[in-house]
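Here the structure comes first, spelled out in structure tokens, and everything after it is commentary.
The values are calculated or read from the model by the stated rules, or taken from the named source; none is laboratory data. On a predicted model such as this, the values are computed, not experimentally measured, just so you know. Note that each Cβ is placed from the backbone with ideal geometry, even for glycine, and that neighbours are counted across all protein chains shown. Heads up: the accessible areas ignore ligands, DNA and RNA and are worked out on the full protein's heavy atoms, side chains in. Shrake-Rupley method; radii C 1.70, N 1.55, O 1.52, S 1.80 Å.
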Amino acid sequence: MLTLSFSLTRGLQVRPSLSALSVLSIIVALLAAPLGAQTSTTLDTTEVRRWREDLAFLRKEMPAHHANLFHDMAPAQFDSALSSIETRLPSLARHQVIVELQKLDAMVGDGHSNVSPWRDSVIAFHTLPIALYSFEDGIIVRAADSAHANLIGARVVAINGLPIDSAIARIRPLISHDNEMGVRAFTPFLMVMPEILHATGIVADMQGITLTIGREGGGRREAVTLESAGLFPMLTGDADRSWVRRAGWIDARDRSPAALWLSDPTNLYWYRYLPDGRALYCQINTIQQKPTDSLSAFMARAIAAADSAGADKFLLDLRLNGGGNGDFNKRIMLPLIKSKYDVPGRLYVLTGRRTWSAAQMLVTELQKYTTAIFVGEATASRGNAYGDSYRIVMPNSRVTVRVSTLWWQYLDPRDKRAMIEPQIKAPLTFADYTAGKDPALTAVLRR
């Protein structure tokens, strides 16, 4: 029996019925087992059979629910990829099957069709005791648990002797994306998961991962071996939660006052007047509404605050905004169009590698209908794109496979741009991050 559910974020889910107790037992078993015990052994005959049932389920469900599953691949490629996984099941471990599913969904060719270990707790992949970020000056350790705080600021040069560019190339096929900004955003997540590193052949042993690192200013390179530090944290929701501090961890930005754009990442929307720049800074981190504060009311207050303070500029920051419900976009855009800030040189929109989905729709409309100047990094999607994920929960493994259900066309069909590029590019270096500096905000306030 199948049950359907509909979420407020406009996502449908299909799931075979399973008792809450059964789901709980699966999760508890995964959490209780050490890394090697739950991931290094190949599937037994019962597990192979159950995974084959899951693959048969996917073979039917993915084409049935995607708006056009074969927009970027041929049906024969899809069938071949599924058959290849099925044939190799007896030689695979659980984590390797999941990585093959990531590749399968990434073949679809759009970001909303994905298998994402950072937001599916059933997958239960682990993490090394460090967090990485792709800064302008390389992939650098930006945070670590207290025992490895000495690694903060180190640039990753190689993993298990494999040069970092080659490691990125092996991880890239796992990442569902609309453009290269999505690859840049999510590669650092996967790069610290031992299961990913093992399944892609970057390492042979998940129990000890050796990184070659370099320090600021060049100098001698050194090798460090890291063990798993527990499960990778779940980064669910539409806002970018990867910046939320972890208990017991040290972050490079702890050394200085946090940059404004990272000061309140869990707040759906908020604003602050910046007297030194005579600017109203407004951050919207998801296209959703607070239960007691509608977006319309919030935007009215923000614009009134800017007017009252005599602001010369209105800044809308969407860098942490991964989407939500695009129907709410008009509640953001229309007040800006009606305000005195929609004139050349007064309205600025800050975008980045996590500006995606419904936030991309907002950016596209702001570009079409306002005088906004875009600052920061390119967006993670494009004006015309597939979206609105349908969540397929496989009957045995319970792993979620998402597929896009709708085609959204906000621009001329001949517009093939892969992203919305900023007029003012403001990349983030590790030195800026550590010092609490925000190049994008600085660029706007200097104008």
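Pairing each residue of the stretch 150-179 that is of a type in the set (Lys, Arg) with any residue that is open to solvent by 50 Å² or more (accessible area, probe 1.4 Å), provided the two are 6+ apart or on different chains, yields C-beta distances under 9 Å for 155/137; 155/215; 155/216.
Taking the condition in a loop (DSSP other than H, G, I, E, B), out of contact with any Asp or Glu (no Cβ under 9 Å at 6 or more places or on another chain), of a type outside the set (A, V, I, L, M) and surrounded by fewer than 15 Cβ atoms within 10 Å (Cβ to Cβ), does residue 219 pass? No.
Checking every residue in the stretch 192-210 against the condition of being among the β-branched types (Val, Ile, Thr), crowded, with 16+ Cβ neighbours inside 10 Å and in a helix (DSSP H, G or I) gives at least one match. Can you confirm whether the stretch 24-32 contains a residue that is modelled with pLDDT of 50 or more and surrounded by 16 or more Cβ atoms within 10 Å (Cβ to Cβ)? No, the stretch 24-32 contains no residue that is modelled with pLDDT of 50 or more and surrounded by 16 or more Cβ atoms within 10 Å (Cβ to Cβ). With respect to the conditions (1) charged (D, E, K, R); (2) crowded, with 21+ Cβ neighbours inside 10 Å; (3) modelled with pLDDT under 95, residue 276 lacks only one, and its number is (2). Selection over the stretch 128-147 of residues that are buried (at least 22 other Cβ atoms within 10 Å of the Cβ) and of a type in the set (Ser, Thr, Tyr) gives a count of 0. Only residues that are in a loop (DSSP other than H, G, I, E, B) and either under 22 Å from residue 178 (Cβ atoms) or not small (Gly, Ala, Ser) (or both) were counted across the stretch 96-131, and they come to 19.
A single member of 263, 228, 256 is over 20 Å from residue 301 (Cα atoms), free of Cβ contacts under 8 Å to residues at least 12 places away in the same chain and either surrounded by 15 or more Cβ atoms within 10 Å (Cβ to Cβ) or of a type in the set (Gly, Ala, Ser) (or both), and it is 263.
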